[in-house]
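Notes to accompany the following structure.
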Amino acid sequence: MRGPIAPPQVPLSVSRAESFVDLVQDSAERLERRWPQLSGVDFTVLEVPTSGLGGPGSGGGPAGHGGADGWDGESVPLGRFIAARGDAPDRIVIYRRPVEIRAKNRDERALLVHEVVVEQVAELLGLAPESVDPRYGQE
């Protein structure tokens, strides 16, 4: 048999990475309706955090953090907020592989992605996660 197993409109043809990006974007859009100032925030998905030790661009990151992306190399983060610098906007990064490892199925993954996005938005806004999304931790 040649050709795709499923047509493009069928969810089967969506890769796990694409599906994960969709979860992050859905969560970001949901929060943006409540917090319009998030429209300028760049929501990004990376596979895994890197320690940034000894590699190109390892500037040490913000004070009190480890490598270039803020990972100290001990506990694996699920996401990170990076404050705007120069022309670069505020950025929220969600790490796909650590989140996927902690979730048993798509529903758990969607819930965990939303919780991580809420936590990072809370850090950005200087609020408690419950203030960002009243349903945080209840689902």
* Structure fact -> Scalar couplings 3J(HN,Hα) for region 111-122 by Karplus 6.51 cos²θ - 1.76 cosθ + 1.60 (θ = phi - 60°), nearest whole Hz, x for Gly and Pro, are 5, 5, 4, 4, 4, 5, 4, 4, 4, 6, 5, 4
* Would you mind checking which residues have amide H under 5 Å from Asp42's amide H? H placed 1.01 Å from N; only 5 or more apart, or other chain. => Asp90, Arg91, Ile92
* **Cα→Cβ-extended label distance, 7 Å offset, between Glu32 and Ser19, nm** => 2.4
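Just so you know, all these numbers are worked out from the coordinates, no wet-lab data involved. Nothing here was measured: the structure is a model prediction, and the numbers come from that model. Cβ: placed from backbone, ideal geometry, glycine included. Neighbour counts: every protein chain shown.
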